[in-house]
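A quick write-up on the structure given underneath.
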Amino acid sequence: METEPYKLDVKDFLIKGNVGGKKTFEIKDSHKLKLDEENVLESYEGELKLTLLEEEILAEFNINYVCKTICARCLKKFDREGRLSFDREYIVGKRAADEGELIVDKEFKIEIGGPAVEEIAFDIPLKPLCKESCKGIK
Ligand SMILES: [Zn+2]
């Protein structure tokens, strides 16, 4: 699954902020992304609340997304909307990041597209329904 990098510049927040400081950013991505054979992520948007910690930035995501999917009963395509909250930590340069940890890069940017798509893909039900009362194929 290829994701477009989506980087957020946190330079001012990092340099001017104090430990415990918070800032909220608006995020929005409308690149279409094929998640698997049946699901295409159309877009997501929402907010990202950052908190500066000693060695990390805590990033709390609150996003809405739209995914084109296929109803498990009637097999029609429909747009499914979802809402998600999750968080990630990005290591600030003071200590070396372990493998798999997210980092603030040398340009003071954090990559948020990867974690967002990962969580959205995980949120999609195995058997999505266009509506609860869908009667299936007639
Ligand atoms: Zn249906």
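Laboratory data are not the source of any read-out in this text; all were calculated from the coordinates shown. All values derive from a computational prediction rather than experimental measurement. A quick note on method: Cβ atoms are made from the backbone with ideal geometry, for glycine too, and the neighbour counts reach across all protein chains shown.
General observations
- Within region 64-106, the set of residues being more than 17 Å from residue 49 (Cα to Cα) and in contact with a helix residue (DSSP H, G or I) (Cβ under 8 Å, 6 or more places away or on another chain) comprises 65, 67, 82.
To keep it simple, each residue is scored yes or no on (1) touching a residue at least 12 places away in the same chain (Cβ under 8 Å); (2) of a type outside the set (A, V, I, L, M).
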position	(1), (2)
5	yes, yes
10	yes, no
13	yes, yes
23	yes, yes
29	yes, yes
69	yes, yes
77	no, yes
85	yes, yes
88	yes, yes
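- Note on region 71-94: residues that are more than 16 Å from the ligand (Cβ to nearest atom) and either within 22 Å of residue 22 (Cβ to Cβ) or surrounded by fewer than 11 Cβ atoms within 10 Å (Cβ to Cβ) (or both) amount to 12.
- Of residues in region 25-70 being within 16 Å of the ligand (Cβ to nearest atom) and either among the β-branched types (Val, Ile, Thr) or touching a His at 6+ places or on another chain (Cβ under 7 Å) (or both), the one nearest to residue 92 (Cα to Cα): 69
- Residue 18 passes every criterion in (1) polar (S, T, N, Q); (2) under 22 Å from residue 97 (Cα atoms); (3) surrounded by 16 or more Cβ atoms within 10 Å (Cβ to Cβ) apart from (3).
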